[in-house]
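A quick write-up on the structure given underneath.
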Number of protein chains: 2
Amino acid sequence: MADGPDIARVAHLIADPARARMLTALMAGHALTAGELAAEAGVTPQTASGHIAKMVAGGMLVGAKQGRHRYLRLSGPDVADLLESLMELVDRRGPARTRPGPAEPAMRTARICYDHLAGSAGVALHDTLIARGLLDAGLVVTGPGEAAFTDLGIDLAALNRARRPTCRACLDWSERRDHLAGGLGAALFTAFEDRGWIVRRPGSRAVAIAAPERMSPWLGI
Amino acid sequence: MADGPDIARVAHLIADPARARMLTALMAGHALTAGELAAEAGVTPQTASGHIAKMVAGGMLVGAKQGRHRYLRLSGPDVADLLESLMELVDRRGPARTRPGPAEPAMRTARICYDHLAGSAGVALHDTLIARGLLDAGLVVTGPGEAAFTDLGIDLAALNRARRPTCRACLDWSERRDHLAGGLGAALFTAFEDRGWIVRRPGSRAVAIAAPERMSPWLGI
DNA sequence: GCGATGCTTCGGCGCGGACCGAACCGTCGT
DNA sequence: ACGACGGTTCGGTCCGCGCCGAAGCATCGC
């Protein structure tokens, strides 16, 4: 038999507080060095090194050596999805969970979820795309949508060829409503970021709207 | 700070092999007694009792006392979703994973994933619903779909009012293609089961097609 | 009432693993 | 060449927790 324990092995990798802190830090989508991960987790570099080795062996992290640094990132969107589901479940059922509330208002308005926009801005983007008819109710790209996304420099054909679904709804952690994930979600995020319309706050998953007048047609505000 | 360790707490519940076996057993959608879970996990009743207490406290399981038995089930579809994501990730990246192969052929053709149909039959259902135009490509119920589902005694309005998404694509574990989850996926499964067209194999997640001639319009075979 | 059955609590054993200090290896700067 | 710095490996300590045997409560059947 033994059909089970593999999922336990993966869960075990997330089950340690230090490793969990590293993984949530990597949810910001940036690669981090081993030392930064150690600081993020609040452990010494030796300890962090052991944790990292385990997560790489388990296929959750991939590392790239660059000079004397070693940059690490989540191995793919599926890992990020798993972590997001976990956060969602914790948020809904967590017993003594400290409500995010206004504690981190920046995280409520706009945050990055691995590689796409989340928070209330993410929900606004999702709703506006549908309201403007760029996506239909089932998150399928429409004719006008095709034109608008191509105009942003997004290669829809390439997205459709990829294994990753182009459009995926992702239930938002703070807003408890859908926002847009998937390949298109990621492509839109990088398009906005490349143009400087939104910028990441360093050392956090929060995102700032740098050019509200340019973003307004996309967020409906 | 301390933003992390909550997800570690939940992951820790899945990280133990015995608990993981219990959870996968409950993925069949049936409530099981504490003793059955102990047998499924391969541990003594006392040990199982401790595990169960932890998982109930953690909000993953809910229990209902009935006479001298205690029936336990997953606390909701979100827990099942989390477990399914975990299995998917394990399957894709798992190192020494024993391929399911023809070992359990019944599990390949039709199996239940918490409360809806999966396996190749689940994929066939998904594809046929779209091919017959009951769902569009974005998994939105069409006019003909509304009629057909209502004909099966499914209350679409109620599904749409529910918090749970009506249609959700779930990447299949064995087929690696989408099948239909969400409220409609669950409703279709119970409709087919109530009519006796499909039956669950006792003690397994496998499902048998009892009335192929009735299921054929739904599976396209 | 009685014993049988299902489940839980308690106590104690033993393994796994998280952690750090110290030492070691590579790479970058000067 | 040398030292500084990032990262890893090695040993040893210690706590957590998974496990079971035995005993304690409930509920069912007779």
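Readers should treat all values here as calculations from the given coordinates under stated rules, not as data from a laboratory. Note that this is a predicted model, so its numbers are computed, not measured. Here the Cβ is made from the backbone with ideal geometry for all residues, glycine too, and neighbour counts use every protein chain on show.
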Listed residue (B:MET60, B:ALA211, B:SER49) projecting farthest to the positive dipole end of chain B, Cβ model: B:SER49
From the label point of A:VAL140, set 7 Å from Cα along Cα→Cβ, how far away are the matching label points in the other copies, in nm, ordered shortest to longest? 0.8
Hey, got the dipole for the range B:4-82? About the Cα centre, +1 on K and R Cβ, -1 on D and E Cβ, debye to the nearest 20? 300
Cα-based shape type of chain B, given that a ≥ b ≥ c are square roots of the gyration tensor eigenvalues and the cut on a/c is 1.5: prolate
Cα-centre dipole for chain B with unit charges at Cβ (Lys and Arg positive, Asp and Glu negative), debye to 20: 640
Shortest-first nm distances, B:ALA39 label point to equivalent points in other copies (7 Å, Cα→Cβ): 5.6
A:ASP78, B:ASP151 arranged by Cβ crowding within 10 Å, fewest neighbours leading: B:ASP151, A:ASP78
Dipole magnitude of the protein assembly as shown, debye to nearest 20 (Cβ charges: Lys/Arg +1, Asp/Glu -1, about Cα centre): 1200
Nearest 500 deg cm²/dmol is fine: what mean residue ellipticity at 222 nm does chain B get from its DSSP H runs of n ≥ 4 alone, each adding -39,500 (n - 2.57), divided by its residue count? -15000 deg cm²/dmol
Amide H of A:MET27: which non-local residues (sequence gap of 5 or more, or other chain) have their own amide H closer than 5 Å, using H built in the peptide plane? none
Interchain or sequence-distant (5+) residues whose placed amide H lies within less than 5 Å of the amide H of A:GLY138 are none
What residue of chain A has the nearest C-beta to the axis that moves A onto B, and what is that distance in Å, given as a whole number? A:GLY138, 1
Shape call for the protein assembly as shown, from the Cα gyration tensor axes a ≥ b ≥ c (a/c under 1.5 means rounded, otherwise prolate when a/b beats b/c, else oblate), comes out oblate
Could you tell me the calculated FRET efficiency between B:ALA162 and A:VAL56, based on Cβ-Cβ distance and R0 = 41 angstrom, to the nearest 0.05? 0.50
Using amide H atoms built in the peptide plane, which far-off residues or other-chain residues are under 5 Å from B:CYS113 H to H? B:ALA118
Hey, which lysines would be in cross-link range of A:LYS54, C-alpha to C-alpha under 22 Å, not counting anything within fewer than 8 residues on its own chain? A:LYS65
Copy-to-copy spacing for A:GLU193, label 7 Å out on the Cα-to-C-beta vector, in nm, shortest first? 4.3
